[in-house]
Amino acid sequence: MLKCIQCGYELEADPWVISCPKCGGLLSSEIKRRPLAISWSLFRTRRLGVWRYRELLPRVREVVTLGEGGTPLVKIGERLWVKFEGANPTGSFKDRGMTVAISVAKGSGVKNVICASTGNTAASMSAYASRAGMRSFVVLPKGNVARGKLAQAALHGAIIIEIDGPFDLALDAVKEIAGPETGLYLLNSLNPWRIEGQKTLAYEIIDEIGVPDWVVLPVGNAGNISAIWKGFSEMKRFGLSKRLPRLAGIQAEGASPIAKAFKEGRDVPLFTDDPETVATAIRIGRPVNWAKAFRALKESSGVTEIVSDQEIIDAQRKLGRMGLGVEPASASSYAGYLRLLEDGVIEREDRVVLVATGHALKDPDSSPSVRPISALNPRDAIDKIRRILNEG
Ligand code: F0G
């Protein structure tokens with residue numbers, strides 16, 4: 001069953017209905033009754049990943065999967081973990097949502113799918129669409145999509161359209177053309193089935209280490225923060241966990257419509273038409289899921305934090321030196337965490353999970369420039385290595 005988060009209108013699940021027919025509000029898929037069979041011991045008989053929790057996902061005729069989810073939870077401190085979503089099949093958390101939404105679409109006979117994207121949604125959607133035998137259209141902000149993501153969309157056969165302007169305008173275009181009349185199925189995070197898949201990130205954290213005190217994550221279009229909150233809330237509601245974490249939503253200075261407004265105690269975002277940040281994945285001025293995000297932040301006694309591009313790059317480098325390669329948007333979790341720790345909002349005793357949403361390979365241009373030491377021949381290479389070793 002789908003329910004409008006604004007006016008409460010309820011309707012039968014229909015893949016083609018993406019927003020409330022009554023008021024245009026955001027829809028959420030609601031599980032009315034607790035599925036009887038569910039327990040951790042049942043889940044654990046299955047492979048770790050999105051479909052481990054299939055009783056809590058929409059029922060689909062055929063699962064379109066690439067083995068998503070089940071990503072490493074890497075311990076980087078006494079009470080600090082990184083959920084490494086870069087380990088998903090296309091290198092970002094989007095795959096969790098796509099496996100579910102594309103499976104739902106396939107069951108309804110969808111042939112063509114479309115999304116606006118800062119890159120990762122496009123990469124993920126085109127991979128899953130190809131796997132399902134569908135054609136994909138992606139609309140991107142020209143000049144602001146990282147190289148690796150574009151390469152993926154091309155590799156998976158997407159029809160790529162670029163616009164002059166930010167992600168938000170690309171999404172306006174996609175929303176206008178998608179629907180049953182054109183047969184184009186919309187796969188942005190407005191799509192409630194995407195959220196259903198993405199909520200499994202929360203399930204996996206509980207499955208592995210229980211409920212942490214904090215979950216820190218980047219916020220762009222605000223689908224993921226809503227999804228993660230839904231995941232934690234459902235587990236508590238169904239008696240599979242006892243408590244809830246607090247959420248910390250991180251945005252970049254030049255693209256912080258939610259973080260800024262929430263910090264100032266406002267009820268609506270401070271939209272901007274010209275977002276700017278090196279973290280192109282979250283270069284978004286008018287996040288469509290803002291109402292769900294505000295709810296998640298309020299219900300979780302959450303906080304928001306704003307980090308500069310420099311802090312993001314510094315955090316990316318620090319994670320790199322711990323063996324974790326993440327793209328800039330993902331490093332904002334760590335940058336935000338360091339700030340919140342310094343300000344005493346998060347305490348050292350707190351158990352914290354940082355969500356690292358996408359892989360470093362997505363955006364090779366954001367990594368330090370490569371400055372190799374030239375050697376004339378193998379002998380010269382050996383000499384140069386010896387010299388460095390001797391220098392200590
Ligand atoms: N991190 C990365 C790496 C992302 O690609 C995105 C969103 C986010 C964080 C923010 O997630 O939008 O659910 O708040 N990328 C979208 C895209 C917008 O088109 O790939 P969100």
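The values are calculated or read from the model by the stated rules, or taken from the named source; none is laboratory data. Just so you know, these numbers come straight off a predicted model, no measurement behind them. Backbone-built Cβ (ideal geometry, glycine too); neighbour counts: all protein chains shown.
Residue under question is residue 76, and the condition is that it be buried (at least 24 other Cβ atoms within 10 Å of the Cβ), touching a residue at least 60 places away in the same chain (Cβ under 8 Å) and of a type outside the set (S, T, N, Q); does it hold?
Details: buried (at least 24 other Cβ atoms within 10 Å of the Cβ): no; touching a residue at least 60 places away in the same chain (Cβ under 8 Å): yes; of a type outside the set (S, T, N, Q): yes.
Spelling it out, it is not the case that residue 76 is buried (at least 24 other Cβ atoms within 10 Å of the Cβ), touching a residue at least 60 places away in the same chain (Cβ under 8 Å) and of a type outside the set (S, T, N, Q).
If you go through the range 326-347 and keep only what is closer than 16 Å to residue 225 by Cβ and away from the ligand (no atom under 16 Å from the Cβ), you end up with just 340.
Considering every residue within the range 309-329, establish whether at least one is acidic (Asp, Glu) and within 28 Å of residue 200 (Cβ to Cβ). Yes: the range 309-329 contains one or more residues that are acidic (Asp, Glu) and within 28 Å of residue 200 (Cβ to Cβ). For residue 154, work out the one condition from (1) more than 15 Å from the ligand (Cβ to nearest atom); (2) in contact (Cβ under 8 Å) with a residue 40 or more places away in the chain; (3) among the small types (Gly, Ala, Ser) it doesn't fulfil. The single condition residue 154 does not satisfy is (2).
Go through the range 348-388 and count every residue that is in a loop (DSSP other than H, G, I, E, B) and more than 16 Å from the ligand (Cβ to nearest atom). Residues flagged as in a loop (DSSP other than H, G, I, E, B) and more than 16 Å from the ligand (Cβ to nearest atom) within the range 348-388 amount to 14.
State whether the residues of the range 194-201 include one that is farther than 26 Å from residue 335 by Cβ, away from the ligand (no atom under 13 Å from the Cβ) and in contact with a Leu (Cβ under 7 Å, 6 or more places away or on another chain). Within the range 194-201, one or more residues are farther than 26 Å from residue 335 by Cβ, away from the ligand (no atom under 13 Å from the Cβ) and in contact with a Leu (Cβ under 7 Å, 6 or more places away or on another chain).
Considering the range 99-119, and only residues there that are of a type outside the set (Val, Ile, Thr) and in a helix (DSSP H, G or I), the residue that is farthest from the ligand (Cβ to nearest atom) turns out to be 107. Within this structure, residue 233 fails the test of being among the hydroxyl-bearing types (Ser, Thr, Tyr), in contact (Cβ under 8 Å) with a residue 40 or more places away in the chain, within 12 Å of the ligand (Cβ to nearest atom) and in contact with a Leu (Cβ under 9 Å, 6 or more places away or on another chain). Within the range 254-275, count every residue that is away from the ligand (no atom under 12 Å from the Cβ), in a helix (DSSP H, G or I) and buried (at least 21 other Cβ atoms within 10 Å of the Cβ). Of the residues in that region, 1 qualify. Is one or more of the residues making up the range 308-316 within 15 Å of the ligand (Cβ to nearest atom), under 26 Å from residue 268 (Cα atoms) and touching a Phe, Trp or Tyr at 6+ places or on another chain (Cβ under 7 Å)? Scanning the range 308-316 turns up no residue that is within 15 Å of the ligand (Cβ to nearest atom), under 26 Å from residue 268 (Cα atoms) and touching a Phe, Trp or Tyr at 6+ places or on another chain (Cβ under 7 Å). Is it the case, given these coordinates, that residue 316 is buried (at least 21 other Cβ atoms within 10 Å of the Cβ) and in a helix (DSSP H, G or I)? Considered against the rule, which asks whether it is buried (at least 21 other Cβ atoms within 10 Å of the Cβ) and in a helix (DSSP H, G or I), residue 316 comes out as yes. For the range 173-228, a residue qualifies if it is of a type in the set (Ser, Thr, Tyr) and under 17 Å from the mean Cα position of the chain (by Cα), and the qualifying residues are 189, 200, 203, 226.
Applying the condition of being surrounded by 10 or more Cβ atoms within 10 Å (Cβ to Cβ), at pLDDT 95 or above and of a type in the set (Ser, Thr, Tyr) to the range 340-387 and asking which residue is nearest to the chain's Cα centre (by Cα) yields 357.
Suppose we filter the range 120-146 for residues that are part of a loop (DSSP other than H, G, I, E, B) and either buried (at least 24 other Cβ atoms within 10 Å of the Cβ) or away from the ligand (no atom under 12 Å from the Cβ) (or both); how many remain? Can you show your working first?
Taking the range 120-146 and keeping what is part of a loop (DSSP other than H, G, I, E, B), we get 133-134, 142-146.
Within this subset, residues satisfying the condition of being either buried (at least 24 other Cβ atoms within 10 Å of the Cβ) or away from the ligand (no atom under 12 Å from the Cβ) (or both) are 133-134, 142-143, 145-146.
The number of residues fulfilling the criteria is 6.
For the range 276-291, enumerate the residues that are part of a helix (DSSP H, G or I) and crowded, with 24+ Cβ neighbours inside 10 Å.
Going residue by residue through the range 276-291, those that are part of a helix (DSSP H, G or I) are 280-282, 290-291.
280, 281, 282 - these are the residues of the range 276-291 that are part of a helix (DSSP H, G or I) and crowded, with 24+ Cβ neighbours inside 10 Å.
The residue list 24, 69, 86 contains one member that is surrounded by fewer than 16 Cβ atoms within 10 Å (Cβ to Cβ) and either on the phi > 0 side of the Ramachandran plot or within 16 Å of the ligand (Cβ to nearest atom) (or both), which is 24. Residues in the range 276-302 that are within 10 Å of the ligand (Cβ to nearest atom) and over 21 Å from residue 28 (Cα atoms): 279, 280, 281, 282, 283, 284.
In the condition set (1) within 10 Å of the ligand (Cβ to nearest atom); (2) assigned to a loop (DSSP other than H, G, I, E, B); (3) hydrophobic (A, V, I, L, M, F, W, C), residue 225 is compliant with all but (2).
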